[in-house]
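Undergrad: Quick one: the structure is below, questions incoming.
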Amino acid sequence: MNKQILVLNVGSSSFKWKLFSAQNLVELDSNSKNKLPLEKLLKSLSPNLKAIGHRIVHGGEKYFRETELNEEVISDLEKISHLAPLHNPPAIETIKKCRTILPNVSNYAVFDTSFFHYLPPKAYLYALPYELYQKHGIRRYGFHGISHEYVSKEAAKKLRKPISKLNLITVHLGQGASVTAIEQGKAVDTSMGFTPLEGLSMCTRSGDLDPAIIFYLVDQLGYSISKVEQLLYSQSGILGLSELSGDMRDILSSKEEKAILSIDVYCYRIRKYIGAYLAVLGNLDAVVFTGAIGFGSERIRKTVLKGFSQLENIPVFPIETNEELAIAQKII
């Protein structure tokens with residue numbers, strides 16, 4: 001029997017998996033009726049399992065290619081977990097469980113930051129003392145790269161052109177949200193930065209804000225640093241503005257004034273980034289929306305694009321992402 005590849009995708013609020021044959025055909029996934037705890041799932045698949053692939057959000061500067069996971073790599077990833085506190089810790093915990101339960105099966109990491117490793121310096125550097133980048137790796141890393149790369153290739157298929165000849169803006173809207181400018185198939189800028197907190201307003205994350213607000217919260221309002229971190233990651237975005245929910249489905253179905261306001265802010269931020277990246281690219285072949293909200297909500301897409309005259313003749317594609325397939329293809 002052909003050996004299989006299991007891909008585990010641990011998100012900030014989700015856990016998805018897919019089992020692929022050697023021909024990249026999905027044989028089973030987390031939407032299947034027979035849902036099993038991780039240990040039972042692994043043991044049931046073990047006789048034919050060739051490898052396990054893991055989506056890792058933050059690889060820092062050291063890790064940006066698909067990498068086999070050993071003790072050294074896991075230790076390195078634990079050291080930078082604070083850069084992606086909602087994502088890296090649960091993913092690392094899952095990796096450790098897999099290695100314990102099936103010690104003879106190889107585990108591989110595929111990094112969300114990989115697609116952005118070669119951003120130009122003018123895009124990845126912050127206007128901070130250069131030694132902070134040189135000595136401590138403080139730079140724009142970008143996230144959702146697996147998704148942005150996948151849907152850009154799917155858009156190229158729809159346009160029937162090589163990805164190397166296309167300029168695209170891809171918009172990933174899920175629990176987290178980000179926008180990427182792609183020039184001739186390569187990422188040249190992206191909205192998330194040193195961590196997955198920068199950029200768009202998200203479901204519970206603030207996105208861009210004046211950094212002096214943090215000084216004010218600490219110095220004037222008595223917030224601790226841990227309380228500020230919790231505020232920005234878990235209590236802001238549409239949850240904070242609406243004071244109702246961090247679930248976009250609840251917000252879209254609500255007629256409450258603050259819920260409507262939170263959608264306005266959410267869509268306005270997306271629109272601003274699309275406009276900025278249109279200026280960066282100069283010309284554009286398509287805009288792509290993906291993620292549970294980007295692909296799933298026509299209302300959000302229409303609100304973002306309403307009256308955007310510069311995009312009147314530009315194709316707009318809602319494309320469902322498939323991070324698990326993209327990961328499987330990288331570790332075959």
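Just so you know, all these numbers are worked out from the coordinates, no wet-lab data involved. Just so it is clear, the model here is predicted, and its values are computed rather than measured. So basically every Cβ, Gly included, is an ideal-geometry build from the backbone, and we count neighbours across all protein chains shown.
Undergrad: May I ask you to order 70-76, 321-327 by the average number of other C-beta atoms within 10 Å around their residues, highest value first?
TA: 321-327, 70-76
Undergrad: Ok, one more. So between F308 and S46, what do we pick up on full extension, going 0.36 nm a residue minus the alpha carbon distance?
TA: Residue separation times 0.36 nm, minus the Cα-Cα distance, leaves 89.1 nm.
Undergrad: Would you please give the residues with an amide H less than 5 Å from that of Y223, counting only those at least 5 places away or on a separate chain, with H modeled from the backbone geometry?
TA: Under 5 Å from the amide H of Y223 lie the amide H atoms of V218, each far enough along the sequence or on another chain.
Undergrad: I want to make sure I understand the PRE zone here: with the label point 7 angstrom from the Cα of Y223 toward its beta carbon, which residues in the range 174-201 have backbone N atoms less than 16 Å away?
TA: Correct set: 197-199, 201.
Undergrad: Next question. In the chain, what % of DSSP beta bridges are antiparallel (nearest 5)?
TA: Of all bridge pairs located within the chain, approximately 55 percent are antiparallel.
Undergrad: Further question: Hey, what number do you get for the chain at 222 nm if only DSSP H runs of n ≥ 4 count, each worth -39500 (n - 2.57), divided across all residues, to the nearest 500?
TA: That comes out to -11500 deg cm²/dmol.
Undergrad: Moving on to the next point. Going down the list K157/K330; K18/K153; K3/K153, which pairs span over 25 Å between their C-alpha atoms?
TA: K3/K153
Undergrad: Now for a separate question. So for the chain, averaging the separation of alpha carbon pairs under 8 Å that are six or more residues apart and normalising by length, what relative contact order in percent results?
TA: Result for the chain is 17 percent.
Undergrad: Rounded to whole Hz and in sequence order, give me ³J(HN,Hα) for the range 82-93 from the Karplus expression 6.51 cos²θ - 1.76 cosθ + 1.60, θ = phi - 60°, writing x for Gly and Pro.
TA: Those phi angles translate into 5, 7, 9, x, 8, 10, 4, x, x, 5, 5, 4 Hz.
Undergrad: Also, quick follow-up: So, R0 is 30 Å and r is the distance between the beta-carbons of E72 and E131; what FRET efficiency does that work out to, to 0.05?
TA: It comes out at approximately 0.65.
Undergrad: Given Cα pairs under 8 Å that are at least 6 residues apart, what percent is the relative contact order of the range 4-111?
TA: Relative contact order of the range 4-111: 33 percent.
Undergrad: Using DSSP to define loop residues, name the trypsin sites (Lys or Arg not before Pro) in the range 128-179 whose beta-carbon has at most 16 other beta-carbon atoms within 10 Å.
TA: Answer in residue order: R160.
Undergrad: In what sequence, highest mean first, do 274-282, 125-133 appear when ranked by Cβ atoms within 10 angstrom?
TA: 274-282, 125-133
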